[in-house]
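Structure record follows, encoded as structure tokens.
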Amino acid sequence: MKKLRTAVVGVGHLGRHHARIMAGMDDVELVAVVDATPEARRSVAEQYGAEPLDDYRKLVGRVDAVVLATPTVTHHAIAGELLAAGVHLLVEKPLTPSSRAADELIAAARQRGLVLQVGHVERFNPAWEHAAELIEQPKFIETRRLSGYSFRSTDIGVVLDVMIHDIDLVLSVVDSPIERVEAVGASVLGDHEDVASVRLGFANGCVAALTASRVSYEMCRQTQVWTPERFVGVDFATREVVSCQPVASVAERQFHVANVAPDARLHLRDHLFEELLPVTRTTIEARDQLTAELSDFVASVRASRQPRVTGAAARDAIALAERILAEIAAHQWTGTKGGPQGPLVAPADLTPPPVVPFTDDERPWERRRAG
């Protein structure tokens, strides 16, 4: 089999890992790495036997596929030129800063029959893959993604940098238009929001509450999902999946607390999650998510098929992020016009704000399909 000729554009923190993995793939040839910083491109190129280049345009005619891992604000221009030249693309998340720019790239890829994949790598987390099989008709979803400040991705805020992962995951399991969006945010270290709390209302009745922070002393990457059948909890860091499914008498509403004798209550209190709400805990075997993502990209290019995370899916996540950012920008912190508005300028060591409840005078949001 002829090797797929590839390159990485942008070999910073994440791009280096893309180069490392592709250099080790049997059916892939890492032709070149591109970066504006001479030392960065030279060191990565020497380490993995690729050619260092200072301009992505020099790749045209020499490669079949490219991984684009440059700052988000550059994605549209670079990806547009490479797609026009007939190059398949895996673009790091978010695809673009705006849904309009994303639509243009999607159209360009479709017109030329090219693969446009986006690096929402949590879709390849083995714990999420396991949990997703247990999630049917979700009714309430709660996500928490908290981390310290990395001093990377400073061209965007926490919504497009961090929360975008959970936005994508939520949209992947809820197939319903979004009717309501409420959000608040706070800026701590930069010009963009560093903390955000969001509440989403879907047309099918599902509600999702998302919290993200990149200035947190607490590290957390967890999602909890309630469905008519069970509760599913996912810890993305430890890869533990917790499933709780009521026994038949509870699920069918035949169990009544008032009918339980006093001595039996003490027993059930101590054995609640064994006898009434049995819990299963499963730690999923580790697997490198980035390798799985790149393997999906290579397979998609070879088979001319859609990747797991398409440009359209990434565009939907960006469109929702835009609505969230608009809500954050419009929030009045004093409740009256003329007061502080937008991301709250907050002190450090900020505790993520509580989820904002829906109000009676909710705005009539335009519906759109999600997923």
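Taken together, the values in this text are just the output of simple stated rules run on the coordinates, not laboratory data. Fair warning: this is a prediction, and the values are worked out from it, not measured in the lab. Neighbour counts are summed over all protein chains in view; Cβ atoms, including those assigned to glycine, are modelled from backbone coordinates with ideal geometry.
Rg/Rh, computed from the Cα trace of the chain with Rh as the Kirkwood radius, has the value 1.02.
Applied to region 50-62, the Karplus parametrisation 6.51 cos²θ - 1.76 cosθ + 1.60 on θ = phi - 60° returns per-residue 3J(HN,Hα) values of 10, 8, x, 10, 9, 8, 5, 5, 6, 7, 4, x, 10 Hz, with x for Gly and Pro. Relative contact order, whole percent, for region 1-151 stands at 18, derived from Cα pairs under 8 Å and 6 or more residues apart.
Put a dot 7 Å past the Cα of Phe255, heading toward its Cβ, do the same for Val73, and the two dots end up 5.6 nm apart. Each residue of region 63-80 is assigned a 3J(HN,Hα), and the resulting list reads 10, 9, 8, 9, 9, 9, 10, 9, x, 3, 5, 9, 4, 4, 5, 5, 4, x Hz, derived from the Karplus form 6.51 cos²θ - 1.76 cosθ + 1.60 (θ = phi - 60°), x at Gly and Pro.
Electrostatic bookkeeping for Val44 treats Lys and Arg as +1 and Asp and Glu as -1; over the other residues with beta carbon under 15 Å from its beta carbon, the sum is -1. Rounded, prolate or oblate, given the Cα gyration tensor of region 267-336, with a/c below 1.5 counting as rounded? Since a/c reaches 1.5 but b/c is at least a/b, the shape of region 267-336 is classed as oblate.
Computed from the C-beta positions of Thr37 and Ala85 and an R0 of 25 Å, the FRET efficiency is 0.60 to the nearest 0.05.
In a fully extended conformation the segment linking Asp54 and Asn204 would gain 49.0 nm over its present Cα-Cα distance, using 0.36 nm per residue. The packing ranking of peptides 206-219, 157-170, 6-19, 49-62, highest mean first, is 157-170, 6-19, 206-219, 49-62, where packing means the average number of other beta carbon atoms within 10 angstrom of each residue.
Here the 3J(HN,Hα) profile of region 105-122, calculated from phi with Karplus coefficients 6.51, -1.76 and 1.60 at θ = phi - 60°, is 5, 4, 5, 5, 5, 5, 4, 9, x, 9, 7, 10, 10, 10, x, 7, 5, 5 Hz, Gly and Pro shown as x. Relative to the longest principal axis of the Cα atoms of the chain, the long axis of helix 311-330 lies at roughly 60 degrees. Between Val115, Val234, Ile135, the Cα set farthest toward the positive side of the dipole of the chain (charges on each charged residue's Cβ, about the Cα centre) is that of Val115. Take every Cα pair under 8 Å whose residues are at least 6 apart in sequence, average their separation, divide by the length of region 181-292, and the relative contact order is 17 percent.
The overall shape of region 73-203 is oblate: from the C-alpha gyration tensor, with semi-axes ordered a ≥ b ≥ c, the ratio a/c is 1.5 or greater and a/b is no larger than b/c. Dipole check for region 74-221: with +1 at the C-beta of Lys and Arg, -1 at the C-beta of Asp and Glu, and the Cα centre as origin, the magnitude is about 80 Debye.
In summary, the aspartates and glutamates within cross-link reach of Lys3, defined as a Cα separation below 14 angstrom excluding same-chain residues under 8 places away, comprise Asp26, Asp27, Glu29, Asp64.
Of the peptides 324-334, 25-35, the ranking by mean beta-carbon count within 10 Å, highest at the top, reads 25-35, 324-334. If R0 equals 41 Å, the separation of the Cβ atoms of Thr238 and Asp27 corresponds to a calculated FRET efficiency of about 0.80. Per the Debye calculation on region 28-79 with a single equal scatterer at every Cα and no solvent contribution, log₁₀ I(q)/I(0) for q = 0.21, 0.22 Å⁻¹ amounts to -0.78, -0.85. Distant-in-sequence amide contacts of Thr154, defined by a placed amide H-H separation under 5 Å and a gap of 5 or more residues or a different chain, comprise nothing.
Can you give the % of DSSP beta bridges in the chain that are antiparallel, to the nearest 5? Rounded to the nearest five, the antiparallel share is 55 percent.
Against the main long axis of the alpha-carbon atoms of the chain, helix 289-303 sits at an angle near 60°. Between the beta carbons of Lys2 and Arg152, assuming R0 = 41 Å, the FRET efficiency works out to 0.70 to the nearest 0.05. Each helix, a run of at least 4 DSSP H residues, gives -39500 (n - 2.57); summed and divided by the residues of the chain, these come to -9000 deg cm²/dmol at 222 nm. Roughly how many Å is it from the Cα centre of region 249-315 to that of region 53-108, as a whole number? A separation of 35 Å, based on Cα centres. Helix 38-48 and the long axis of the chain differ in direction by around 80°, with both axes built from C-alpha atoms.
The length gained on full extension between Gln306 and Ala329, counted as 0.36 nm times the residue separation minus their Cα-Cα distance, comes to 4.8 nm.
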